[in-house]
1. In the range 74-91, what residues are in contact (Cβ under 8 Å) with a residue 24 or more places away in the chain and surrounded by 12 or more Cβ atoms within 10 Å (Cβ to Cβ)?
2. If TYR140 meets every condition in (1) assigned to a helix (DSSP H, G or I); (2) in contact (Cβ under 8 Å) with a residue 60 or more places away in the chain apart from one, which number is that one?
3. State all residues of the range 108-166 that are within 18 Å of MET25 (Cα to Cα) and of a type in the set (Asp, Glu); if no residue qualifies, say none.
4. May I ask you to say which residue of VAL63, VAL71, VAL54 is surrounded by 13 or more Cβ atoms within 10 Å (Cβ to Cβ) and either among the aliphatic types (A, V, I, L, M) or under 17 Å from PRO145 (Cβ atoms) (or both)?
5. Go through (1) among the hydrophobic types (A, V, I, L, M, F, W, C); (2) buried (at least 17 other Cβ atoms within 10 Å of the Cβ); (3) within 20 Å of ASN143 (Cβ to Cβ) for LEU32 and report which single condition fails.
6. Out of the helices (runs of 4 or more DSSP H) lying entirely within the range 1-120, which hold 2 or more residues that are under 24 Å from MET185 (Cα atoms)?
7. For the range 21-34, what are the residues that are over 17 Å from ALA64 (Cα atoms) and in contact (Cβ under 8 Å) with a residue 40 or more places away in the chain?
Amino acid sequence: MGTHANDALTFLVQTLFGLYMLIVMLRFLFQLVRADFYNPVSQFIVKATNPPVVQLRRLIPGVAGIDVSCVVLLVVLQAAELWVIYGLKGFSLPFMSLGLFSLAELFRLTINVFFWSILIQVIISWVNPGSYNPVTSLLYSLNEPLLRPARRLVPPISGFDLSPVVVMIALKLVEILFIRTIEDMAKMFL
């Protein structure tokens, strides 16, 4: 297969896996923060992810309020994506490297979900403050567990809430320090 076709196939695999993993990750995070289940966006996410999650729940029970079936589905999807992508490039990853790279990518996805949702929430608060939208209520539910402690650390100054900036910086620091360490460990098994 030519390099352009291979690149196109890699892009397609990354896009399809990435979108579905994003939806599963949102389902997991919305359950974790107890976001409004009856929100139309929540309902879409539940319906889009129900077929594999319900099947996995028959085998894997939840633990301490955590939907382990979503976590298992995320790990399997991420590992499958990496296996296909590296296979398209002609490489084979050892099991430990595949597992650690999958873990790093899932942590990166989690950080990106929080980073971008906080940024979107901030922009919406500037453009259309005080209005109700199903998405804004989910963003608030998702981000408030991170923003609340940051507000205690850095209270609003002259009416400006700087907690989103503090959390976004902390998220990027975690990505640099923690995720890159996991990726370096995965490279040791290559």
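1. LEU74, VAL75, LEU77, GLN78, ALA80, GLU81, VAL84, ILE85, LEU88
2. (2)
3. GLU144, the sole residue that qualifies.
4. VAL71
5. (2)
6. Correct list: 3-32, 68-88.
7. Within the range 21-34, MET21, LEU22, VAL24, MET25, LEU26 qualify.
This table checks each residue for (1) touching a His at 6+ places or on another chain (Cβ under 7 Å); (2) closer than 29 Å to PHE11 by Cβ; (3) modelled with pLDDT under 95.
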{"site": "LEU88", "(1), (2), (3)": "no, yes, yes"}
{"site": "SER92", "(1), (2), (3)": "no, yes, yes"}
{"site": "SER137", "(1), (2), (3)": "no, no, yes"}
{"site": "LYS172", "(1), (2), (3)": "no, yes, no"}
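The values are calculated or read from the model by the stated rules, or taken from the named source; none is laboratory data. Here the structure is a predicted model, which means the values were calculated and not measured. With ideal geometry, Cβ positions are generated from the backbone for all residues, glycine too; neighbour counts draw on all protein chains shown.
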